[in-house]
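The next block holds one structure in the form of structure tokens; read it before the comments.
The values are calculated or read from the model by the stated rules, or taken from the named source; none is laboratory data. In this text the structure is predicted, and so the values were computed from the model without any measurement. Glycine gets a Cβ as well: all are built from the backbone with ideal geometry, and neighbour counts include every protein chain shown. Areas reflect the complete protein model, heavy atoms only, side chains present, ligands, DNA and RNA absent. Shrake-Rupley method; radii C 1.70, N 1.55, O 1.52, S 1.80 Å.
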Amino acid sequence: MDGFQIYEVGGRRYRVRTELSGGTSGVGGENSRDQPASRRNIGPGAKSQRKEVPLARQLHRFIIGHGGSTLRKLYEQSHAKITVPNERVKSDSVQIEGLPDEIEKAEQMIEQIVQENIHK
């Protein structure tokens, strides 16, 4: 199949979608208290977006990190809100919300984290 790659993690093989494509849609009604200071004072032309990024649920733990530390680091460096679904939800994706450049930076960081952890 095109667009998939096989990764071996802990002796198990996972087929992971390698295309980081997903629909984006505008997001409205956000409370400015919940946004980082860098996003509160943006011009009227900048719009927050939401993107669903395919990521095998077996790899979600690498994005979360110990006690949520990696997820916090991702937020602090990219300023994008990353939502990892609850483990009971059988979802093979994460959602990234923010400005287009924040989403792009978060995607790159997620890809780097996954690559670092699957090659251990």
Residues of the stretch 92-114 that turn out to be of a type in the set (D, E, K, R), within 13 Å of LEU55 (Cβ to Cβ) and open to solvent by less than 60 Å² (accessible area, probe 1.4 Å), as a count: 1
Test result for LYS51, outside any helix (DSSP H, G or I) and modelled with pLDDT of 90 or more: yes
Odd one out for ASN117, checked against (1) open to solvent by 50 Å² or more (accessible area, probe 1.4 Å); (2) in contact (Cβ under 8 Å) with a residue 60 or more places away in the chain: (1)
Flag for VAL89 being buried (at least 18 other Cβ atoms within 10 Å of the Cβ) and outside any helix (DSSP H, G or I): no
Any hit, the stretch 71-82, residues being in a loop (DSSP other than H, G, I, E, B) and crowded, with 16+ Cβ neighbours inside 10 Å: yes
